[in-house]
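Comments concern the structure below.
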Amino acid sequence: NFERIKIMKPAEQATILAKAVFLSLADKDKQKANKVVDNFIVYLKEHKLTPLLPKIIVAVKNLYYQATDTVGVKVTAKDGLSTDVLDKLTATMKKRLAKEIDLTNRVDEDIIGGVILRYDDKMIDASIKTKINKLAKQLEN
């Protein structure tokens with residue numbers, strides 16, 4: 001019921017809409033899935049809900065991860081990592097977490113070197129920037 005959705009908080013709206021589109025996409029071939037997405041975008045536009053789209057995308061991705069026993073891992077490095085390094089990171093994380101891995105590679109020149117891994121609510125920070133900051137704090141004390 002659209003009237004109920006309108007009075008909800010944006011996060012709740014996004015969750016409900018994500019569940020609806022995720023369930024609609026289940027077991028659809030590419031052509032039918034594209035039609036579902038097209039109809040969903042029209043629905044969002046008609047009901048002025050397009051500002052929720054980023055939250056909906058995150059929620060759909062999380063539903064996919066739950067359904068497929070997958071963990072989204074973001075790796076950040078100073079430069080783009082090679083395919084070989086990304087494959088090794090994926091294999092290592094898959095073994096460590098005993099789940100499928102969806103690895104996203106991000107570049108951030110500010111970290112100087114090393115990598116930062118983020119998944120679930122965890123972060124593994126092996127960046128040179130963090131090591132320099134820790135050393136600077138130790139030297140101050």
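The values are calculated or read from the model by the stated rules, or taken from the named source; none is laboratory data. Note that the structure is a prediction, hence the values are computed from the model and not measured. Counting neighbours? That spans all protein chains shown, and the Cβs are built from the backbone with ideal geometry, glycine included. Only protein heavy atoms, including side chains, enter the accessible area calculation; ligands, DNA and RNA are left aside. Shrake-Rupley method; radii C 1.70, N 1.55, O 1.52, S 1.80 Å.
General observations
- Figure legend. Inter-residue proximity from the stretch 122-141: first residues under 19 Å from Asp108 (Cα atoms), second residues exposed (fewer than 10 other Cβ atoms within 10 Å of the Cβ) and of a type outside the set (A, V, I, L, M, F, W, C), beta-carbon distance below 7 Å, spacing 6+ or different chains. Indicated pairs: Lys129/Asp110.
- In the stretch 106-120, the residue that is farthest from Thr130 (Cα to Cα) out of those that are in a strand (DSSP E or B) and open to solvent by less than 60 Å² (accessible area, probe 1.4 Å) is Tyr119.
- Residue match in the stretch 76-85 (condition: of a type in the set (Gly, Ala, Ser), at positive phi and either in contact with a helix residue (DSSP H, G or I) (Cβ under 8 Å, 6 or more places away or on another chain) or at pLDDT 95 or above (or both)): no
- Residue match in the stretch 60-67 (condition: more than 30 Å from Ile112 (Cβ to Cβ), assigned to a strand (DSSP E or B) and open to solvent by less than 70 Å² (accessible area, probe 1.4 Å)): no
- Count of residues meeting criterion [open to solvent by 70 Å² or more (accessible area, probe 1.4 Å) and not in a helix (DSSP H, G or I)] in the stretch 1-53: 7
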